[in-house]
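The values are calculated or read from the model by the stated rules, or taken from the named source; none is laboratory data. Just so it is clear, the model here is predicted, and its values are computed rather than measured. Ideal geometry is used to build each Cβ from the backbone, glycine not excepted, and the neighbour counts take in all protein chains shown.
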Amino acid sequence: MTQAPVEDMELVTVPKSERSQLEFILDESFEGLYLWHSRRTLHNIELVRALRSSGRFLGLSMVKMVAEGSGYVYYVAVPLQSRRKGLGGKLLDDALAHFDELHASEVFASVGEDNVESNALFSSRGFERTNRAEIAKRHGQIRTINMYREMMVVYGEILLRKELRPDVPTL
Ligand SMILES: CC(C)(COP(=O)(O)OP(=O)(O)OC[C@H]1O[C@@H](n2cnc3c(N)ncnc32)[C@H](O)[C@@H]1OP(=O)(O)O)[C@@H](O)C(=O)NCCC(=O)NCCS
């Protein structure tokens, strides 16, 4: 199928009433528990952004704040036939701009350790591996527990972090 020209592409916020149109992207991108959770999150999360071209959706991101100053990219997904064309990167740049506008000092993402494309996507934007001990050192145990609960990092996933601006002390 012919790809729409890049200049035709726009980044939009998708209201809850229109999000079922994005489910096909999740169906192509995830399976099992991840698919179930991503579909549930799609309909509940506050902010869903999408790339649209000539009325067709070409990718989505789901983002939220998990604590004051700390953003989280829940999901980024691009339909199979539109991958490796820079669209995931555009969506991630858009998510980072959103968190920057909210004056976040850091952004997290969790990815499957063996998920080559998502590790490549996040490392292309400067995300680096972190862990619970490092976060606790920065923010304290209680806030770290709460953040992990919000992020729902599961076994087999690694946590990535990108610093947007120097930390404001939170203790
Ligand atoms: C991860 C995903 C969103 C990437 O989307 P994409 O549109 O193909 O990504 P881009 O073309 O913008 O590539 C972004 C970067 O990742 C790299 N990359 C993407 N896929 C890659 C692959 N399979 N192997 C190696 N590098 C890859 C690109 O080279 C690029 O790096 P660069 O900017 O340094 O050149 C897409 O593969 C996807 O939807 N996967 C399934 C869902 C998922 O796992 N999401 C992430 C976790 S929530």
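Assorted remarks:
- When residues of segment 91-120 are limited to those that are within 13 Å of the ligand (Cβ to nearest atom), out of contact with any strand residue (DSSP E or B) (no Cβ under 7 Å at 6 or more places or on another chain) and assigned to a helix (DSSP H, G or I), the one nearest to Glu150 (Cα to Cα): Asp93
- Taking the criterion of being touching a strand residue (DSSP E or B) at 6+ places or on another chain (Cβ under 8 Å) and of a type in the set (Gly, Ala, Ser), the only residue of segment 131-157 that qualifies is Gly156.
- Residue in segment 133-154 that is within 20 Å of Tyr75 (Cβ to Cβ), at pLDDT 95 or above and within 16 Å of the ligand (Cβ to nearest atom) present: no
- Taking the criterion of being in a strand (DSSP E or B) and of a type in the set (Asp, Glu), the residues of segment 121-158 that qualify are Glu128, Glu157.
- You will find that of Glu128, Glu113, the residue that is exposed (fewer than 13 other Cβ atoms within 10 Å of the Cβ) and in contact with a Lys or Arg (Cβ under 8 Å, 6 or more places away or on another chain) is Glu128 and no other.
- Scanning segment 93-123 for residues that are touching a residue at least 60 places away in the same chain (Cβ under 8 Å), under 18 Å from Ile135 (Cβ atoms) and not small (Gly, Ala, Ser) gives Phe99, Glu106.
- Search result, residues across segment 107-137 that are of a type in the set (Val, Ile, Thr) and in contact with a Phe, Trp or Tyr (Cβ under 9 Å, 6 or more places away or on another chain): Val107, Val111, Thr130, Ile135
- Residue in segment 1-11 that is of a type in the set (Val, Ile, Thr) and at pLDDT 95 or above present: no
- All positions within segment 65-90 that are near the ligand (Cβ under 8 Å from one of its atoms) and at positive phi: Arg84, Gly86
- Qualifying residue in segment 50-63 (condition: among the hydrophobic types (A, V, I, L, M, F, W, C), away from the ligand (no atom under 12 Å from the Cβ) and crowded, with 16+ Cβ neighbours inside 10 Å): yes
- Selection within segment 28-80 - assigned to a loop (DSSP other than H, G, I, E, B) and not polar (S, T, N, Q): Phe30, Glu31, Ile45, Glu46, Gly55, Glu68, Gly69, Val78, Pro79
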